[in-house]
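Take a look at the structure below.
Just so it is clear, none of the values below were taken in a lab; they were calculated from the coordinates. Quantities reported herein were computed from a predicted structural model and do not represent experimental measurements. Here the Cβ positions follow ideal geometry from the backbone for every residue, glycine too, while neighbour counts run over all protein chains shown.
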Amino acid sequence: MTQSVPSRRHDIADDIRNQISTGRIKAGERLPSEAQLASRYAVSTPTLRSALAVLQGEGLVEKIHGKGNFVRYPRRRITYVGGGHALRTESPVEPALRVSIRTTNLLAHGQLTCLLGVSANSPLTEFLCLSHEGKSPHSLARIYVPRDLSPTDVPTESHCCKTVEAKLAELRPPLAEVRERVSARPPTPEEAATLRISSSLAVLAITRVAADSTGRVVEAALLVLPGDRADAVFTTHHMTDERTSGE
């Protein structure tokens, strides 16, 4: 039997990974240019880029367009808390992430008509919440509501999506049902570019739809949480009947 020989890209990835783990290349440090690395390892530029793609997929290296490849700081892990009547992501120990919020009025189309149970071209409002850890994008949430339930005083920056949720709760009726669907998938090209992640890094995609007591969908949220920095927790509370017997 013959043993398979490790490819050069994995040899290179192993060497750079070892330099990062031993501290020879520190977090936040820029790697030599791709041309310099290709020359150092005596490989073609495509092979070198393939090796870097392995490290990018592991979350060790981040490629910033126009600047180069950098060793990433360990990403803070957050927890999506499901099963409740509020959209929550938590980082229990460290301060909250900074969130930029962009508000856009649009007309329902495609997937949004199904999610919100509305006809095409119904007026909606989108809240695009992009969280940041320092200067690096961390996670992404798009929240959609019918226009008549859209607050007008949502800030453009906050410490969490709870600010948007609090404003939405002021206008909408109490929630009666929340449905959540969780899946793991590759990021779309737009998501990968926005979050500055490798297309090979799986994301936790959460679709959350909330309805009031009449069955009207009053909110639909699409969350994209990169797999190297997010967990999801769902807790089910079982009701028990307390029976007492009289003598």
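At R0 = 51 Å, how high is the FRET efficiency between residue 148 and residue 27 if r is their beta carbon distance? Nearest 0.05 is fine.
After rounding to 0.05, the efficiency reads 0.60.
Distance between the C-alpha centers of the stretch 13-90 and the stretch 112-170? Whole Å please.
30
Kindly write out, for the stretch 229-236 in residue order, the coupling ³J(HN,Hα) from the Karplus curve 6.51 cos²θ - 1.76 cosθ + 1.60 (θ = phi - 60°), rounded to whole Hz, with x marking Gly and Pro.
8, 8, 10, 10, 10, 10, 10, 10
Going toward the positive end of the dipole of the chain, with +1 on Lys and Arg Cβ and -1 on Asp and Glu Cβ, which of 204, 70, 178 do you reach last?
Of the listed residues, the answer is 70.
Please work out the FRET efficiency for the pair residue 15 and residue 135, using the Cβ-Cβ distance as r and a Förster radius of 35 Å; give the result to the nearest 0.05.
0.80
For the chain, give the magnitude of the charge dipole about the Cα centre (Cβ charges: +1 Lys/Arg, -1 Asp/Glu; no others), in debye to the nearest 20.
That gives the chain a dipole magnitude of about 1040 debye.
What order do you get for 123-132, 74-83 when each peptide is scored by the mean count of other beta carbon atoms within 10 Å, highest first?
The packing order, highest mean first, is 123-132, 74-83.
Within 10 Å, count the other beta carbons around each residue, average over each peptide in 104-115, 10-21, and list them highest first.
Peptide ranking by packing, descending: 10-21, 104-115.
Please name which of 150, 168, 100 has its Cα lying farthest along the dipole of the chain towards the positive end, using unit charges on Cβ (Lys, Arg +1; Asp, Glu -1) and the Cα centre as origin.
The residue sitting farthest along the positive end of the dipole is 100.
Between residue 181 and residue 214, what is the label-point separation in nm under the 7 Å Cα-to-beta-carbon projection?
2.5
Taking the alpha-carbon distance from residue 26 and a cut-off under 21 Å, which lysines remain once sequence neighbours fewer than 8 residues away in the same chain are dropped?
Reachable lysines: 63, 67, 135.
Residues with amide H under 5 Å of residue 25's amide H, sequence separation 5 or more or different chain, H placed in the peptide plane at 1.01 Å from N; which?
20
What is the spin-label model distance, in nm, from residue 156 to residue 76 if the labels are put 7 Å beyond Cα along the C-beta direction?
2.3
Where the only charges are on Cβ atoms (+1 Lys, Arg; -1 Asp, Glu), what is the dipole of the stretch 8-71 about its Cα centre, to the nearest 20 debye?
Dipole about the Cα centre, nearest 20: 140 debye.
Using a Förster distance of 35 angstrom, determine the FRET efficiency expected from the C-beta separation of residue 106 and residue 45, and round it to 0.05.
0.25
Report ³J(HN,Hα) in whole Hz for each residue of the stretch 139-147, in order, from the Karplus equation J = 6.51 cos²θ - 1.76 cosθ + 1.60 where θ = phi - 60°; Gly and Pro get x.
My calculation for the stretch 139-147 gives 7, 9, 9, 10, 10, 10, 9, x, 4 Hz in order.
Going by amide H atoms built from the backbone, whose H comes under 5 Å of the H on residue 204, apart from near neighbours?
Residues meeting the amide H criterion: 225, 227.
Label the chain by shape, choosing from rounded, prolate and oblate, from the square roots a ≥ b ≥ c of the eigenvalues of the Cα gyration tensor; if a/c is under 1.5 it is rounded, and otherwise prolate applies when a/b is larger than b/c, oblate when it is not.
prolate
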